[in-house]
1. With θ taken as phi - 60° and the coefficients 6.51, -1.76 and 1.60, list the Karplus ³J(HN,Hα) couplings across the stretch 132-138 in order, rounded to whole Hz; mark glycine and proline as x.
2. Mind ordering 39-49, 132-142 by average Cβ neighbours within 10 Å, highest first?
3. Out of every Cα pair in the stretch 2-205, what percent are spaced more than 20 Å from each other?
4. Just going by the charge dipole of the chain, with Lys and Arg at +1 and Asp and Glu at -1 on Cβ, which of ASN201, SER53, ALA176 is farthest out on the positive end?
5. State, as an integer percentage, the relative contact order of the chain based on alpha-carbon contacts under 8 Å between residues 6 or more apart.
6. Note down the net charge around ILE33, summing +1 for each Lys or Arg and -1 for each Asp or Glu among other residues with Cβ under 9 Å from its Cβ.
7. As a footprinting exposure proxy, order LYS103, LYS128 by other Cβ within 10 Å, with the fewest listed first.
8. Using a Förster radius of 30 Å, what is the FRET efficiency between GLN162 and HIS51 based on their Cβ-Cβ separation? Nearest 0.05, please.
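Every number here is computed from the coordinates shown, using simple stated rules; none is lab data. Computed from a predicted structure; not experimentally measured. Quick reminder, even Gly has a Cβ in these numbers, built from the backbone with ideal geometry, and neighbours come from all protein chains shown.
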Amino acid sequence: MNLELRNIGKRYRFEWIFRDLTYNFQMGTGYAILGNNGSGKSTFMQVLSGHLSPSKGKLIYSKNNKAISIDKAYQELSFAGPYIEMIEEFTLQEVIDFHWKFKPMKCSQEELLERLDYPKSAKKKAVKYFSSGMQQRLKLALAICSDTSLLLLDEPTITLDQKAVAWYGDLLQEYAYGPDRLTIIASNVEEDFQGCTERLNILDYKKKVVKA
């Protein structure tokens, strides 16, 4: 999927989180979204995903030179962020079965479970009993291994230890990049951007305007 931004901006009350942002994200490329904590990276990612509407401007999704309406774009994207909740009453197997109903995958369920490398007992355990790191690995695995043309990752290693960060890097290398996928990663941790060749700093588009 290609994603074109035309003069988009997002504000809450009188504060512009970002403004006058025009940019073209091209399929087959990995992009790093930079900015310190509180700069608006997560808001920007939610606008890209369609979870939030921009206050001004226009987003244009397209694939194979055909425009995709914003209400259909979710079918082409996968998104992982620390604020995206899972159904924690579900067991691990139920979460995976549920996800499989809505997204085609690049691997089998057995391969995904092997990738997660959880204890065997985890398969029948409710996700609410998982550690924050285990939950984050599950979110990342489901998003990255989905067969979608747009992958959005926000603060992907925020709750991961060093071993899990290395696991994340291996998962990115195998599944996140290719000629038929656009990958966008937002973070302020350099290690999160493995495979990204382009960079956009949200601070370059952050303006505050106060009106009486």
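1. Couplings: 4, x, 5, 5, 5, 4, 5 Hz.
2. Details: 39-49: 22.0, 132-142: 19.9.
Highest to lowest by the protection proxy: 39-49, 132-142.
3. Values: 11619 of 20706 pairs.
Of the Cα pairs, 56 percent sit more than 20 Å apart.
4. Selected residue: SER53.
5. Once normalised by length, the contact order is 35 percent.
6. On the way: positive: LYS41, ARG199; negative: ASP154.
Net local charge, ILE33 excluded: +1.
7. On the way: LYS103 17, LYS128 11.
Neighbour counts put them in this order, fewest first: LYS128, LYS103.
8. Values: r = 31 Å, r/R0 = 1.02.
Here the calculated transfer efficiency is 0.45.
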